[in-house]
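Read through the structure below, which is laid out as structure tokens, and then see the notes.
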Amino acid sequence: MTDTTPQMTDTGPMGLRLKSAMPWLCAALLLLILPQIFSANATITLMNQMAITIIFALAYNMLLGQGGMLSFGHAVFMGLGGVFAVHVMSYVEAFGAPLPLPLLPLFGGFAGLLLACVIGSFSTRQAGTVFAMISLGVGELIAACSLIFVTFFGGETGVSADRTYGLPVFGVEFLRQSEVYYLIAAWLLLSVFLMYLYTRTPMGRMANAVRDNPERAEFLGYSARWVRFYSFIFSGFFAGIAGGLFALNYEIMTSESMSLVQSGKILLITFLGGMGYFVGPIIGAIVFTLLTTVLGRYTELSALYVGTVFVLTVMYCPRGLAGLLMMHEPAYRLGKLRRLVAPYLKVLIPVLVATLGCAALFEMLFHVRHAPPGDHEMRLYWVTFDSHSPIAWGIVIGVTLLAIMTTRALIPHIKDAWHDANTIDKGAS
Amino acid sequence: MDLLLVNLIDGLVTGLLLFMLSAGLTLIFSMMGVLNFAHASFYMLGAYFGYQISLYMGFWMALVCAPVIVGFLGAVVERYGLRRVHQHGHVAELIFTFGLALLIEEAVQFFWGKSQVPFMPPQALDFALFSIAGNAVPAYKVFMIFVAIAIFAGLLFVLTKTRIGMIIQAALSFPRTVEALGHNVPLIFMCVFGVGTALAAVAGVIAGPVLGTFPGMAFALGSIVFVTIVVGGLGSLSGALYASLLIGWITTFAASYDVGLADILNAIGVDQPLDMRNSPWRDFWSITLSQVGPILPYLLMVLTLIFRPHGLFRKGGL
Amino acid sequence: MNKTMKGLCGAVAGALLTTSASYADTIKIAFIDPLSGPFAATGENAYHLFQYAVDAVVNDQGGVLDGDTFELIGLDNKISATETLIHLQTAIDDGVRYIVQGQSSGVAAALIDAISKHNRRNPDQQVLFLNYAAIDPALTNEACSFWHFSFDANSDLKMDALTDVIAQSPELTSGYLINQDYSFGRAVAASATAMLADKRPDITIAGDEVHPIGQVKDFTPYARKIVSSGADFVITGAWGADMYGLGTALISNGFTGPIYTYYAAASGITAGFGEAGKGSLFIVAEGQTNPPVSEEAAQYVSDFKTAFPGENFTLARTSNVMRMLAAAINEAGTATDVVAVANALEGLEIENPFGGTLYMRPDNHQLIQDVHVMAHTDEDIVNALDGSPFGLRVSDTVAAAGRDAASSCEMDRP
Amino acid sequence: MTHALDISGLKKSYGKAEIIRGVDLHITKGERHAIIGPNGAGKSTLFNLITRRMAPSAGKVHLHGQDLNGLVPCKINRMGLSRSFQISNIFPRMSVFENIRCALLWSMGFRYSFWSLVDRSKPLTEAADAIIEQINLTSRRNIPAGVLSYAEQRALEIGLTIAGGADVVMLDEPTAGMSNTETDYIVELIRKVTVDKTLVMVEHDMGVVFGLADRISVLVYGKIIATGTPEEIRANPTVQEAYLGTAIKAEQ
């Protein structure tokens, strides 16, 4: 399941190299030109945030998706990595140590690795509930420590430093957001590449084996505990890298970055994207960051919507967004993907209308309940209307119901089209 | 010494309150294998429904009606949510309840707003029953103790003395066999989930007036309840009771006695450096028991899991 | 496929961020505070107060300079430093030059730090930070900044006023300090200890402790300890659910002395205490509304309540922030050169409709104003809170508190 | 001469119930040894005790003269003892090829390596393909193991067990639940893959046992009542009485 790339041994060595290098080259190119298209500082900050989240989510998925270990306290590795990186930065600032800034995330990574070694020494003995609960407990303990040990963690104010005091690299002093972007993009590419390679190493393969069947792995000569331990510390390392990049980007680390909320968020992101696939967390990180940022700009209820999306994902597509995309692989292989486009487009419109209609109902209900009494005027989808008027309610409810009914009516068509696009492959899965 | 007695009572109240939550959670866990992250959210729903009902029909009706409504909601969640997710395994179930907890918190804010709501104890119990060395013990707390004990007794009675209790106990250990015997296991699951959440709601109604009814109340309690059932041994009702009381007393006593780490270290002969201002260890020396009180349960849990993974109060293996 | 996703999402984000065009005749002010999550209630209330202040104090009075108006942009930071910094970036891109924030001194410190760096690195995009509520004394002392102005009396100034009142109450002989375990809570405890020792050496401190912030589910054990210690008054800087939990635990466990607080009002707390808090709860704050100081102030409060029915009027200083900013912009003759505006703000002195005068200390950017000790009561209340009959009535006033208090601020000026 | 496997005084009890009541067994190198016995005799428990899936209450197990006491399964495996399971114990989400490759990793010296890529190791791929060839699953190479037929899964299980190159191979009921043709296929497979290896197997099918084993031990109620060549066992009156007679009759 994790093995998303087709078997590569079929092609010759040259073809293999080129074919497997293509996606990376494309990604690098895209990362290079993105800031040319979106040059606003805020967009760059958003992209930086996304890149950091991607690394963190992939590191987290090393545990959850590949190692089968559910952690509720993974933010502490990122947090500690970040705090350590900030201290290194201040050290550079105070003593003028000759450290080029691009190397800073490495310090965060090693801090994460070290902490993971300590915690992993006792938490990876067992998987399952025991591991999950230890991670929850340790997460809470370290988060609490971050408020108690003010000299190191800086308390709720956090620790901060100035990145511009490092050694200039080819004259770049990292004064501007875009310069930081390129640094983060480079680290993103490198980390993703390394984590991808990791899945293809003996350790990466055995992590999957231990996840699926720890006992069998033991009888193949591998200690399930050590395999888990190594997965754990590598995950800690990359989480630390993410922390180091975070420190670089924001130049501040607060105790909030270690909290249970952060750990929960990364779990949501990974699951949303699809923990069974390497690209899952990447998709999850991008979609989640966009969803929260964009929704947050337009509605007070963004958290409600994100929560709803999440619960619906768990219920109806537990393999995440990546799983949803991968469902189309057989059709793609059959070359019949095109036959799905028209039916999809047809159903897209009522689904969109129904979703927007439901959201509108929520917004109107919220307005009726929480707007100051007497304030009946609300603005939604570029229309201003009276939130208390039965006509408005009638229209919205009517349109929504209609859209839902249309969607239901179209479901058989979609099923037929789906069946049609997948027919030759009927036997498998 | 007087304070000790008062603290024992307070710790008992906290512990029994925790027990009302952990009893339902542990029942649900041992039957369905689901660690229900949303359990404390049902506790919060209990408090909010209790508040809403008490506005119209008074506290006593709220105490009866809110748990029924929440229990029904819980059953619906099990039937239409959890059962669907069940086929995808435990991680998916856990994550589902995790998402549900978020959603309930948002929903509560949606309907009742973000501020604290003024949920008051009933007038009839709003007086000090007795006082020990100037410390009043409100009648309401004594009432809380009685409710908790009544629930424990009731639960014990149902589980050990009634037919349905026997079936539940059997379904705990051998769900397949019970199903083969013609019992409707999914229905039993649904009922247990409903009853478990209703118990949480009872706790919510009676704790809401004293601990405050606000959207963050579930989050504040959620992980502590987990800690309780893990420390008690997953799936053990008596373990949950002992662990609840233990944690109730630990947090109470930690908050009321000012023992610093420095005192302990001095007592065992480690001297505190004189000038602490620039020492990186200064925070370490200034740690006090009340400062770390609320995180002691987590420490207890981690230690329990390392040394006795099956819980503090369980003998032998699973 | 992840690449196309990325591209698509980037395009959406980019489109969203560039659509808001800026007008030359509006001066944008970003309000960055929690509008969702556990602290949303206070944040939202402050946002509405500012919305009202922008219109009532500036825009409806003809604006500033030659008719330029203020535009307030609300940004939800979920009380997180990270979110705040993201919003700061967005706001600056949108042409905002004035940032308003107040909930959490931690976030404020992060903002000061970030703004100092930003202003140094981007001299053409400099911004000012108008802090209306973060009162950690460090912000106007060792952590002070030229770009930061504090419009609430910092906790030392408030404590100064509070200890003055305590010093004049001979019946108080033993105090208990209980605070949240973080920089602000510790600052409250430290200044209370120092000032009480100075003003009333005969008062004993029966206990001085901190509790974990937001973690304590039941404050009863703390209340027991306080009652048993024999203390006859309590000082606390706790806020939110901690404040409510501590207060109710104290009162229900039989504590009868005064509880001096910083934040025991509004956001459901006033209604929550109700009758029980009467005679026990005191709060130290600025902005007198009960009894009203002037016709103008009373009118302002009632107009706000008409505009935002059901909302509390607590932060009188929200209007002062706008009043002083407008005055400074007019004096500087520009809204875009924030250094000029900052220079104009320094030493600015204007009348406060809520009593006394407002004076911005130039050496540390701390606003000097009257600080009051107010009682939680339902008698003589014009401006009630939380829809209950209760409110805060001024019982003691310290005029221009801390006008010449020492400050350790060493400011880097541009 | 040291035995491949030396078992002495092995006991296992749960509370008062003694499941294995003192087993002594010596298996020489290169021998094909079968353990038979009625249901509930403790055959699988004995297997689990030898391979340390469970800890024995008393007694010792020596592999090539080395005491296995206190060792974890992975260590025992690395010493050259490999086992299969009664219920198929494979990695269902991985392809057949990957299953076998995982089984090869340790013995080919990759250990906990995170610096080498499995795809790039030619010897590894070749070795895995050779074993797949050996267990006749070449046509199923890239199919997830979970969707294989039952017999194929059993074959894969045997493949996993022998892939690591262990010289002592323990098979727990390799032909359980199979049709006759499938059984023949598996027996042939076992014969093929255990050349020059020590084989210990638990088996119900007497045809398989008598066709394959060099020596047979009979386990009844946690005790070995007889050990010997197939002929000796067939002739042994105790065995006849306790167990074999009925079983053999059932066979015929």
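Tabulated data
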quantity: Pairs where the first residue, in region C:190-211, is in the same structural domain as C:GLY240 (by TED's automatic domain parsing) and touching a residue at least 40 places away in the same chain (Cβ under 8 Å) and the second is surrounded by 14 or more Cβ atoms within 10 Å (Cβ to Cβ) and part of a strand (DSSP E or B), C-beta under 6 Å, 6+ apart; calculated: C:ALA192/C:LEU177; C:ALA192/C:ILE235
quantity: Residue pairs meeting the criteria (Cβ under 8 Å; at least 6 apart or on separate chains; first touching a residue at least 24 places away in the same chain (Cβ under 8 Å), in region A:30-52; second of a type outside the set (Gly, Ala, Ser) and not in a helix (DSSP H, G or I)); calculated: A:ILE44/A:PHE38; A:MET47/A:PHE38
quantity: Meets criteria (surrounded by 17 or more Cβ atoms within 10 Å (Cβ to Cβ), over 25 Å from A:THR201 (Cβ atoms) and more than 9 Å from chain A (Cβ to nearest Cβ)) for D:ALA155; calculated: yes
quantity: Candidates A:ILE184, A:ILE148, filtered to the one that is surrounded by 17 or more Cβ atoms within 10 Å (Cβ to Cβ), of a type in the set (Val, Ile, Thr) and under 20 Å from A:ALA239 (Cα atoms); calculated: A:ILE184
quantity: Residue match in region A:320-337 (condition: under 28 Å from C:GLY37 (Cβ atoms) and modelled with pLDDT of 80 or more); calculated: yes
quantity: Some residue of region C:145-158 being within 14 Å of chain A (Cβ to nearest Cβ) and modelled with pLDDT under 90; calculated: no
quantity: Yes/no for B:GLY222 being under 18 Å from C:THR248 (Cβ atoms), within 14 Å of chain C (Cβ to nearest Cβ) and assigned to a helix (DSSP H, G or I); calculated: no
quantity: Looking only at region C:256-272, and only at residues there that are of a type outside the set (Val, Ile, Thr) and more than 9 Å from every other protein chain (Cβ to nearest Cβ), the one that is surrounded by the fewest Cβ atoms within 10 Å (Cβ to Cβ); calculated: C:GLY257
quantity: Residue in region B:226-249 that is surrounded by the fewest Cβ atoms within 10 Å (Cβ to Cβ), counting only those that are within 11 Å of chain C (Cβ to nearest Cβ) and either touching a Ser or Thr at 6+ places or on another chain (Cβ under 7 Å) or of a type in the set (S, T, N, Q) (or both); calculated: B:GLY248
quantity: Helices (runs of 4 or more DSSP H) fully within region B:270-318 counting 1 or more residues that are modelled with pLDDT of 70 or more, within 14 Å of chain C (Cβ to nearest Cβ) and farther than 23 Å from B:VAL230 by Cα; calculated: B:282-285, B:289-292
quantity: Of all residues making up region C:171-184, the number that are more than 10 Å from every other protein chain (Cβ to nearest Cβ) and modelled with pLDDT under 90; calculated: 0
quantity: Test: residue in region D:94-104 that is outside any helix (DSSP H, G or I) and polar (S, T, N, Q); calculated: yes
quantity: Subset of region C:146-160 [buried (at least 24 other Cβ atoms within 10 Å of the Cβ) and touching a Pro at 6+ places or on another chain (Cβ under 7 Å)]; calculated: C:ASN154, C:SER155, C:ASP156
quantity: Single residue of region C:119-132 satisfying the filter (in a helix (DSSP H, G or I) and out of contact with any helix residue (DSSP H, G or I) (no Cβ under 7 Å at 6 or more places or on another chain)) that is surrounded by the fewest Cβ atoms within 10 Å (Cβ to Cβ); calculated: C:ASP124
quantity: Scope region C:208-226; condition surrounded by 24 or more Cβ atoms within 10 Å (Cβ to Cβ) and at the interface with another protein chain (Cβ under 7 Å from one of its Cβ atoms); matching residues; calculated: C:HIS211, C:VAL216, C:THR220, C:PRO221, C:TYR222, C:ARG224, C:LYS225
quantity: Index of the failed condition, A:GLY335 passing every other in (1) more than 14 Å from chain B (Cβ to nearest Cβ); (2) crowded, with 24+ Cβ neighbours inside 10 Å; (3) small (Gly, Ala, Ser); calculated: (2)
quantity: Any hit, region C:5-28, residues being at pLDDT 90 or above and in contact with a strand residue (DSSP E or B) (Cβ under 6 Å, 6 or more places away or on another chain); calculated: yes
quantity: Extreme residue, farthest from A:SER223 (Cα to Cα), among residues of region D:116-125 that are without any contact (Cβ under 8 Å) to a residue 24 or more places away in the chain and facing another protein chain (nearest Cβ under 7 Å); calculated: D:ASP119
quantity: Filter result for the condition that a residue is closer than 19 Å to A:GLU218 by Cα and among the hydroxyl-bearing types (Ser, Thr, Tyr), over D:THR194, D:THR161, D:THR175, D:THR181; calculated: D:THR161
quantity: Residue satisfying all of: in region D:50-68; touching a strand residue (DSSP E or B) at 6+ places or on another chain (Cβ under 6 Å) and part of a loop (DSSP other than H, G, I, E, B); nearest to D:THR2 (Cα to Cα) among these; calculated: D:LEU68
quantity: All positions within region A:156-180 that are over 30 Å from C:GLN103 (Cβ atoms) and in a helix (DSSP H, G or I); calculated: A:TYR165, A:SER178, A:GLU179
quantity: Filter result for A:THR151 (within 12 Å of chain C (Cβ to nearest Cβ), β-branched (Val, Ile, Thr), free of Cβ contacts under 8 Å to residues at least 60 places away in the same chain and outside any strand (DSSP E or B)); calculated: no
quantity: Any strands (runs of 3 or more DSSP E) falling wholly within region C:310-399 and containing at least 1 residues that are among the hydroxyl-bearing types (Ser, Thr, Tyr); calculated: C:357-360, C:371-377, C:391-398
quantity: Qualifying position, being without any contact (Cβ under 8 Å) to a residue 60 or more places away in the chain and in contact with a helix residue (DSSP H, G or I) (Cβ under 8 Å, 6 or more places away or on another chain), among A:ALA59, A:ALA85, A:ALA97; calculated: A:ALA97
quantity: Test: residue in region C:229-240 that is surrounded by fewer than 24 Cβ atoms within 10 Å (Cβ to Cβ), in contact with a Pro (Cβ under 7 Å, 6 or more places away or on another chain) and not basic (Lys, Arg); calculated: yes
quantity: Of residues in region C:85-103 being closer than 28 Å to C:ALA238 by Cβ and in a helix (DSSP H, G or I), the one nearest to the other protein chains (Cβ to nearest Cβ); calculated: C:LEU85
quantity: Tabulated pairs, region C:311-330, first within 14 Å of chain A (Cβ to nearest Cβ), second of a type in the set (Ser, Thr, Tyr) and in a loop (DSSP other than H, G, I, E, B), C-beta under 9 angstrom, 6+ apart or interchain; calculated: C:ASN312/C:SER267; C:PHE313/C:THR289
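Yes/no matrix, rows are residues, columns are (1) of a type in the set (S, T, N, Q); (2) surrounded by fewer than 24 Cβ atoms within 10 Å (Cβ to Cβ); (3) closer than 27 Å to A:PRO202 by Cα:
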residue	(1), (2), (3)
A:ILE54	no, no, yes
A:GLY65	no, no, yes
A:SER71	yes, no, yes
A:VAL76	no, no, no
A:SER90	yes, yes, no
A:PRO105	no, no, yes
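The values are calculated or read from the model by the stated rules, or taken from the named source; none is laboratory data. Predicted, not measured: the structure shown is a model, and the values here were computed from it. Cβ: placed from backbone, ideal geometry, glycine included. Neighbour counts: every protein chain shown.
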